[in-house]
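*Asks:* This is the structure, below, for whatever I ask next.
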Amino acid sequence: MSFLQNVVVVSDTSPLIYLEKAGQIPLLEKMFGHVLIPESVRNELFGKTPEHEAEARKILKSDCFSVLPVRNTESVRYYMTEMGLHRGESEAITLARECNANVLIMDESAARSVVSEEGLPVYLMGAMGIVRQGYESGLISDKRSPSCRRCLAERSRNIYSRKIPEVPRRLPRTPENNRNQGNRTSGSPEFRGRQSSGFRENQGQRKDKMR
């Protein structure tokens, strides 16, 4: 049984890569039981080299992952063209919206900023936050946690390491949150024009750096 029950979780690509490097993919199953990923995240995991393919197979051999297609392709296109996000990030955000996700696992600050600006009612967690939560929940031993966090910190400067709020065992979904989600569409004029130049800066290099 997972530590957090009745929680819908969607993940982007980079946290899975970081957690695999730290040997903590099994932590996702212990913590959540099940994790959804969009098709583009699976494709990004496999990358372009035999090494990437071997790494992806190690990650996806876990039974906790399910690959789902996104339905709203217009939303994906909006995030990519207007907000400058990668396809994996764009599909992860869209899938989280479509599945009414409680938790979105994502590290890149630009994508997290988009989620926050749109008011999507999810808990944002990064790879470092997953390890910290695992330690605080007793799913990682005292000796193992510091080494995991050092490994994650050494792998990427993009890891979002700010202290996250404690995640309750059951994440409530209130009518207010559902209404807010329905009122904030990804392509609405309310959010157009908010893109900053920093959202596009070094976009083409981020996925290579995490490897």
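Laboratory data are not the source of any read-out in this text; all were calculated from the coordinates shown. Please read all numbers here as calculations on a predicted model, not as lab measurements. Cβ coordinates were reconstructed from backbone atoms using ideal geometry, including for glycine residues, and neighbour counts include every protein chain displayed.
*Asks:* Using +1 at the C-beta of Lys and Arg and -1 at the C-beta of Asp and Glu, which of I37, L104, L85 has the Cα lying farthest in the positive direction of the dipole of the stretch 2-108?
*Replies:* Of the candidates, I37 comes out farthest on the positive side.
*Asks:* Take the alpha carbon gyration tensor of the stretch 1-95, find the square roots of its eigenvalues, order them as a ≥ b ≥ c, and report rounded if a/c is under 1.5; if not, report prolate when a/b exceeds b/c, else oblate.
*Replies:* oblate
*Asks:* Which value, in debye to the nearest 20, gives the size of the charge dipole of the stretch 9-163 about its Cα centre, when Lys and Arg are +1 and Asp and Glu are -1 at the Cβ?
*Replies:* 580
*Asks:* A further question follows. Please report the Cα spread of the stretch 9-163 along all three principal axes, rounded to whole Å, starting with the longest.
*Replies:* Here the spans come out as 46, 36, 28 Å, largest first.
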